[in-house]
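For reference, the structure discussed in these notes is given below.
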Amino acid sequence: MSDDRTILHVDMDAFFVSVELLRRPELRGRPVVVGGTGMRGVVAAASYEARAYGVFSAMPSTQARRLCPQAVFLPGDHDHYGEVSGRVMDIFRAYTPLVEPLSLDEAFLDVTGARRLFGEGAEIGRAIRSEVEGREGLTCSVGVAATKLVAKLASEAAKPRASPTGPLPGAGVRVVAPGDEQGFLRPLPARALWGVGPATLGKLERLGVRTVGDIADLPEAALVGALGTANGRQLGLLARGVDPRPVEPDQKLKSIGHEETFAHDHHEPDTLAREAARMADAVAWRLRRQGLVARTVTVKVRFGDFRTVTRSTTLAAPIDEGPAVTRHAQALLAGLDPSPGVRLLGVTVSGLLEGAGRQLSFDDAGAPSWHEASGAIDAIRERYGTGAIGPAAAVGRDGLRVKRRGDGQWGPDDGPVQPG
C-alpha cells in the first residue's frame, strides 16, 4: 500500500544559477540568468532576484532582458552541471539505492527501507539538505509523502520565494502525511497536476474546473468525455491523491540526441549536412560510451517560421558508428528543402539495445569496417578529450568544432552579457 511508503522528491534550488554563483561569487545578490545568451537563446534558470522581475525558465532570452535589463546573462555549462549533479545524486544514493533522477537537478527517492537506519522522511530530508549544502554549497527543497505526485508538489511548496533582494526562505522540507493528501491537493490550481497542460486546462475550464478539488469532485464520466478514457481516468485518480507508481532507479535510456538552434537561419543543404555530421558523430560517441546500439535515426528540422518536421528511418541492423549515423541522418535531410531557412536541427537515435550482441548485416558485407577505427577514436578521446579528434566535416576556420552534450541546448550564445 502507498500509505506504507515514504517517497522524497528532492529539487535543487535554482540549480544552474547556484552552481555558477559558486564560480562567480561576486554576482551574489544580483539578478543572474543562465541559458542561451544570443538573440535566439532561452532561459535555462534564473536567480531568485531575476525571478522577482518575472523571468523564468524556457522564456526567450530577449524577453528576459526586457523584463530585467540589469540582469547578468551567463552561457550554460552542461558538462560542469552534470559533474555537480553526479555528486549530488551520490549523496542521495547514500541514503537509499532507490533513486530515480528526473533531470540534473531533481530526483525521487524511496526511503521506505531506510527509515529504521536514518529516521522518518522529514529527518532524512533535513539530513540530505544539510549534506548537500555542506559538501556542495548548494541548497535544495524536499517534499515528503506516500506518493510521487504529492512528494513533488510538496517540494514545490517548500521552495524559497523570489524577491528583488534575494530568496525568501521557504520551509525547506514539506511533509504531507498519509491521510492528509486531499487537504493538501484540493486548494491547488488544476494546472499543478501532471498532464494538465494548456490544452487540457482549457477543456477543464469549460467544465468549470479551477482547482484540483474541482477535478476530484467531477464524475469520472465527465472527465472521460472531455479528455478521453485513459487521460480522464488517470487525472481523476491523481486529483484524489491516488498514485501507485514506484520509484524506478536505473531506467534505461530511450534515446540519445543532440539539437541546436542556430544564430541565423541556414539555407544551404551542404551547411546542414556538415552540421548533421557533427551531431551524428557526437551521438555515436555517446552510444558507444553507454555500450549501446540504435535501430532508429531521426532528424528534426525547425524552419524560421517555427514550422517543425521530423523524419525517421528504422534500420535492419543496429548501428553505433559515426559514419553510419551520419549517412542515415544526411539521407533523411536530403528529402527536405532548406531554402525557407532552417532555425534548428536535431539528430537523435532510438530503439536502443545493448551493444555487445550486435551482428553484422548483409549490408556490411564488403564495406569498410569502422569498428576498429571507432575504437581508436574512442581511445584518443578518452586520453586527450573530445576535442582531439572528429569528422572532417566538423573542421572550420576556427579548427575542429566538436559537438558536446548540452551545446546549443538553450540556443546560441554570445558569451557572458553584463547589463548596460
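Any read-out appearing in this document is the output of simple, stated calculations on the displayed coordinates, not a laboratory observation. Given the structure is predicted, the values throughout are model-derived calculations rather than measurements. With ideal geometry, Cβ positions are generated from the backbone for all residues, glycine too; neighbour counts draw on all protein chains shown.
In straight-distance terms, cross-link reach from K300 covers every one of the lysines whose alpha-carbon lies under 16 Å from its own, apart from those fewer than eight places away in the same chain; here that gives an empty set.
Partners of K159 within straight-line reach, counting lysines whose Cα lies under 23 Å from its Cα and excluding those fewer than 8 residues away in the same chain: K148. Applying 0.36 nm per residue to the separation of D270 and S130 and subtracting their alpha-carbon distance, the gain on full extension is 45.1 nm.
In order along segment 266-273, phi translates into HN-Hα couplings of 9, 10, 9, x, 5, 5, 5, 4 Hz, rounded to whole numbers, per the Karplus curve 6.51 cos²θ - 1.76 cosθ + 1.60 with θ = phi - 60° and x for Gly and Pro. Ordered by the count of other Cβ atoms within 10 Å of each Cβ, fewest first, F108, F118, F303 give F118, F303, F108. In terms of the Cα gyration tensor, with a ≥ b ≥ c the square roots of its eigenvalues, is segment 1-178 rounded because a/c is under 1.5, prolate because a/b exceeds b/c, or oblate? Because a/c hits 1.5 or more and a/b exceeds b/c, segment 1-178 counts as prolate.
Residues C140, C68, ranked from the fewest to the most other C-beta atoms within 10 Å, line up as C68, C140.
Residues whose amide H comes within less than 5 Å of that of T139, counting only those at least five positions distant or on another chain, are D13 (H built at 1.01 Å from N in the peptide plane).
With a/c under 1.5 counting as rounded, go ahead and sort segment 143-186 into rounded, prolate or oblate using the C-alpha gyration tensor (a ≥ b ≥ c being the square roots of the eigenvalues; past the cut-off, prolate if a/b is larger than b/c, else oblate). Because a/c hits 1.5 or more and a/b exceeds b/c, segment 143-186 counts as prolate. By the count of other C-beta atoms within 10 Å, a proxy for reagent exposure, L235, L193 are ordered fewest to most as L193, L235.
Converting the Cα gyration tensor eigenvalues of segment 237-291 into ellipsoid dimensions via √(5λ) gives semi-axes, longest first, of 38, 19, 6 Å. Amide H contacts of G35 (H built 1.01 Å from N, in plane; Pro and chain starts excluded): A44, L74, G76 sit under 5 Å, all sequence-distant by 5 or more or on other chains.
Computed from the C-beta positions of T313 and Q251 and an R0 of 22 Å, the FRET efficiency is 0.30 to the nearest 0.05. Derived scalar couplings between HN and Hα for segment 339-345 equal 4, x, x, 9, 8, 9, 10 Hz in order, rounded to whole Hz, by the Karplus curve 6.51 cos²θ - 1.76 cosθ + 1.60 (θ = phi - 60°), x for Gly and Pro. What's the center-to-center distance, using Cα atoms, between segment 128-146 and segment 260-297 in Å? Between the Cα centre of segment 128-146 and that of segment 260-297, the gap is 37 Å.
Per the Cα gyration tensor, segment 183-239 maps to an equivalent ellipsoid with semi-axes of 15, 12, 10 Å, ordered largest to smallest.
Across the cross-link table entries K203/K254; K152/K203; K203/K252, which are compared at the Cα atoms, the separations over 27 Å belong to K203/K254; K203/K252.
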